[in-house]
1. Kindly provide the set of residues from segment 30-64 that are on the phi > 0 side of the Ramachandran plot and either at pLDDT 95 or above or of a type in the set (S, T, N, Q) (or both), ordered by number.
2. If you go through segment 196-204 one residue at a time, do you hit one that is surrounded by 14 or more Cβ atoms within 10 Å (Cβ to Cβ) and over 22 Å from L240 (Cα atoms)?
3. Among the listed residues A130, A117, A103, which satisfies the condition of being surrounded by 24 or more Cβ atoms within 10 Å (Cβ to Cβ) and either part of a loop (DSSP other than H, G, I, E, B) or aromatic (F, W, Y) (or both)?
4. From the residues in segment 92-135 that are among the β-branched types (V, I, T) and at pLDDT 95 or above, which one is farthest from F242 (Cα to Cα)?
5. If I filter segment 125-155 down to residues being out of contact with any Leu (no Cβ under 6 Å at 6 or more places or on another chain) and polar (S, T, N, Q), which single residue comes out as farthest from Q8 (Cα to Cα)?
6. Being closer than 28 Å to P5 by Cα and among the small types (G, A, S) is the filter; apply it to segment 152-197 and report the residue that is modelled with the lowest pLDDT.
7. Could you tell me which of the residues T166, T109 is of a type in the set (S, T, Y) and buried (at least 24 other Cβ atoms within 10 Å of the Cβ)?
8. So is T13 closer than 30 Å to G189 by Cα, touching a Cys at 6+ places or on another chain (Cβ under 6 Å) and either without any contact (Cβ under 8 Å) to a residue 12 or more places away in the chain or not charged (D, E, K, R) (or both) or not?
Amino acid sequence: MSARPIVQRVLLTNDDGIDAPGLAVLEAVAAELAEEVWVIAPEHDQSGTSHSISLHSPLRVSRQGERRFGVQGTPGDCVVMAARHLMKDAPPALVLSGINRGANLGVETMFSGTVGAAMTGLLLGLPSIALSQAFTDRENVRWDTARTLAPGVIRQLLDISHDAPTCLNVNFPDCDASAAGPLTPTNQGVGLVEGIDVLSETDPRGLPYHWLRFQRGPRANAPDSETAVVASGRVSVTPLHFDRTDDRTFATLTAALEHRS
């Protein structure tokens with residue numbers, strides 16, 4: 001007998017696009033959790049768009065099935081369109097974003113459209129979870145790991161009481177589900193991003209063009225960071241919020257400016 005649904009209505013989105021395999025996995029997961037599943041996702045890949053929303057161009061929406069819509073915009077646009085337009089009469093009880101092809105760890109979460117969609121949900125007062133599947137080989141992503149573990153992980157997280165809506169960043173390790181360790185609370189940490197490169201090329205007409213690319217490598221991450229936990233084969237969950245204040249620099253500035261006044 002299948003487990004009972006735990007939410008009435010759930011919104012699914014992502015940054016890899018509405019036809020991405022990770023979204024198909026998330027739809028199968030959501031079918032176990034919700035009585036009603038809505039998919040409102042970008043029509044095309046929007047990786048790296050973070051929390052951005054479109055303020056200078058119109059948003060076009062295409063109906064692609066029952067409770068299924070493609071948006072010519074960012075993941076953040078999709079969440080706003082869902083909560084404030086397409087689902088405004090009956091808003092979702094939960095936003096699930098993903099399942100992303102590749103982990104979202106450390107500093108990289110600042111750029112991630114997957115995490116950005118979940119943070120937009122948080123801004124609108126909706127409990128939100130971003131989900132990502134780590135991989136070593138891009139052509140052989142362990143979607144079965146996320147498919148197997150995600151229902152139980154989401155049930156565990158929704159069973160925990162919070163004082164206010166939350167945004168949670170979940171990463172599944174690059175191993176078989178049977179070998180994965182338990183869901184583990186983590187800190188964001190620094191992750192693996194060392195910088196951003198510009199790759200310059202010339203097109204067939206002799207005109208220059210440029211690609212941006214993350215530069216990744218091993219960095220010092222604390223044992224309780226999501227990077228270290230996922231590398232150890234466990235499932236990480238990091239609570240996120242909008243306040244990025246650097247407390248140490250704030251204290252330094254306060255002391256220095258008070259001394260001058």
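The values are calculated or read from the model by the stated rules, or taken from the named source; none is laboratory data. Since this is a predicted model, take the numbers as computed values, not measurements. Every residue, glycine as well, gets a Cβ built from its backbone with ideal geometry; the counts of neighbours run over all protein chains shown.
1. Initial filter on segment 30-64 (on the phi > 0 side of the Ramachandran plot): 48, 50.
Matches in segment 30-64: S50 only.
2. Looking for residues that are surrounded by 14 or more Cβ atoms within 10 Å (Cβ to Cβ) and over 22 Å from L240 (Cα atoms), one finds none in segment 196-204, hence no.
3. Unique residue meeting the criteria: A103.
4. Taking the candidates together, the pick is I99.
5. My answer is T136.
6. Within segment 152-197, the match that is modelled with the lowest pLDDT is S161.
7. T109
8. Working: closer than 30 Å to G189 by Cα: yes; touching a Cys at 6+ places or on another chain (Cβ under 6 Å): yes; either without any contact (Cβ under 8 Å) to a residue 12 or more places away in the chain or not charged (D, E, K, R) (or both): yes.
Criteria met by T13.
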